[in-house]
Amino acid sequence: MKMSLALLALVISSLSLALQLKGQKPVPPLEKFVVPARMSELDHRTERADVQMIRDSIVMRQGIGVPFIREITDDHQHIVVRVLVSEEDLPKSYDERKKALLGTALNSWITVASEFDLKVDLKTSSAKNIVIVQFVSISDLVKEANADKIYAEFRGGELTFH
């Protein structure tokens, strides 16, 4: 009798555990980084100022600016990288323009994916769906109404012009 009660209790607890595990939601891939950093406010502001000064002092190459992380989405599913472009200074032919933007997008994608410990492989990587590189025209930023108009976007391993 004791053996059958123990077996029944084991079956019930196993079933309960299985139901609890089934109801769990998958953890967003960037959730592990949403923790406090050990950095003083002075260190944080110094680093931000240094990064901004470096970014401001670098000249655009082929009409393409320096990439920067614009945001991590609220659901912690995507990292959005922004790159400012000057349409007038981009290469004139479509193929050259695509090659220049794709090179910048891939470099940004690899750097961010590596820093966040994501697998860097365009065919099988989860990073191809996590890191998004957006190219925004400087002339559109000047016209505040189009501040978020995207010129081109690298998402899912593909470059798309808008």
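The values are calculated or read from the model by the stated rules, or taken from the named source; none is laboratory data. Model, not experiment: these values are computed from the prediction. No Cβ is skipped: glycine too gets one built from the backbone with ideal geometry, and neighbour counts run over all protein chains shown.
Filtering the range 1-44 to residues that are at pLDDT 80 or above and over 30 Å from ALA127 (Cβ atoms) leaves SER40, GLU41, LEU42.
Given the residues ARG55, ARG155, ARG61, ARG82, which is the only one that is at pLDDT 85 or above, among the basic types (Lys, Arg), exposed (fewer than 14 other Cβ atoms within 10 Å of the Cβ) and out of contact with any His (no Cβ under 6 Å at 6 or more places or on another chain)? Working first, answer last.
Working: ARG55 fails: at pLDDT 85 or above; ARG155 fails: exposed (fewer than 14 other Cβ atoms within 10 Å of the Cβ); ARG82 fails: exposed (fewer than 14 other Cβ atoms within 10 Å of the Cβ).
Within the list ARG55, ARG155, ARG61, ARG82, the selection yields ARG61.
Remark: ARG97 falls outside the filter, which requires a residue to be modelled with pLDDT under 90 and of a type outside the set (Asp, Glu).
Within the range 42-65, residues that are at positive phi and polar (S, T, N, Q) have Cβ atoms under 6 Å from residues that are at pLDDT 85 or above and assigned to a helix (DSSP H, G or I) in these pairs: GLN62/ALA100, counting only partners at least 6 apart in sequence or on another chain. Residue count for the range 40-50 satisfying the condition of being surrounded by 11 or more Cβ atoms within 10 Å (Cβ to Cβ) and either closer than 20 Å to ILE132 by Cβ or over 23 Å from the mean Cα position of the chain (by Cα) (or both): 2. Residues that are over 19 Å from HIS162 (Cα atoms), in contact (Cβ under 8 Å) with a residue 12 or more places away in the chain and touching a helix residue (DSSP H, G or I) at 6+ places or on another chain (Cβ under 6 Å) do occur in the range 99-121.
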